[in-house]
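Read the structure below first, then the notes.
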Amino acid sequence: GTVDEAGPPAVHQTFVGDQALVDDIRAAGAANVIVAEGNQTDHDLSEIPKYALSGSNVAYGMEPGLRPGSDDTPARWAANWGTLSDSVPIMMEAWKGWPGAKDCNPNAPTLLPQEMDYLASKHLGMLVWSLQGGDIVVGSNLEQPTSYSGAATQPCTNPPPGQARHGDHPGGAQHATTPPPKTVGPGELILRFFTTNSHPTPVTSAGEHR
């Protein structure tokens, strides 16, 4: 489609729709899965029934965050992506709701187990943004996950100026430094979710993973 924006200076912009991109990818002979990300920076798929893409191997990407006011109740999970997942392929993308992240929710020690149970009930997995020290693991120790044990809430204040705000895209100015290690965080719950819900990859008679 095209959009004209008033100036000064006047701007005429042309946008290529997602369906055109899907068609071009398939016309080039690629048959891989295409993940179309949702609205509101991957936090809302509620309009997919109205604007679904046609074609094979198309899934829709959604970040299962806990943003206060938009992603923090079972009713919102159902409205944003849960109910849709019963009939449409959904890929849960980067979860990044640890202390200090922009998706941080102070009630995560209570909400995250509920969200994980909801994901499992819908047979959905999850991806986690990264293993940055102090977020998912304590310091640089990949064998020591952060934990909500004994914590009723998690801190969600932004770090001091000049420190990284985790959960933003890499390469930006907010990734200049690394905040000090933290012990309170979702690492233990995430590890348990993966351990409980992971399944071994089938192996062929030749010993190759399928």
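The values are calculated or read from the model by the stated rules, or taken from the named source; none is laboratory data. Just so you know, these numbers come straight off a predicted model, no measurement behind them. Because the Cβ atoms are built from the backbone with ideal geometry, glycine has one as well, and the counts that use them run over all protein chains shown.
Of the residues screened, S121 is not one that is touching a helix residue (DSSP H, G or I) at 6+ places or on another chain (Cβ under 9 Å), small (G, A, S) and surrounded by 15 or more Cβ atoms within 10 Å (Cβ to Cβ).
Could you look through region 69-128, keep only residues that are of a type in the set (F, W, Y) and touching a residue at least 60 places away in the same chain (Cβ under 8 Å), and pick out the one that is farthest from T41 (Cα to Cα)? Going through the qualifying residues, I end up with W98.
Quick check on region 103-123. Is at least one of its residues farther than 24 Å from T196 by Cβ and in contact with an Asp or Glu (Cβ under 9 Å, 6 or more places away or on another chain)? Among the residues of region 103-123, not one is farther than 24 Å from T196 by Cβ and in contact with an Asp or Glu (Cβ under 9 Å, 6 or more places away or on another chain), which makes the answer no. Out of the residues in region 70-97 that are in contact with a helix residue (DSSP H, G or I) (Cβ under 8 Å, 6 or more places away or on another chain) and of a type in the set (F, W, Y), state the one that is modelled with the highest pLDDT. Out of the qualifying residues, it is W77.
Answer yes or no as to whether T177 is among the polar types (S, T, N, Q), loosely packed, with under 14 Cβ neighbours inside 10 Å and modelled with pLDDT under 65. Criteria met by T177.
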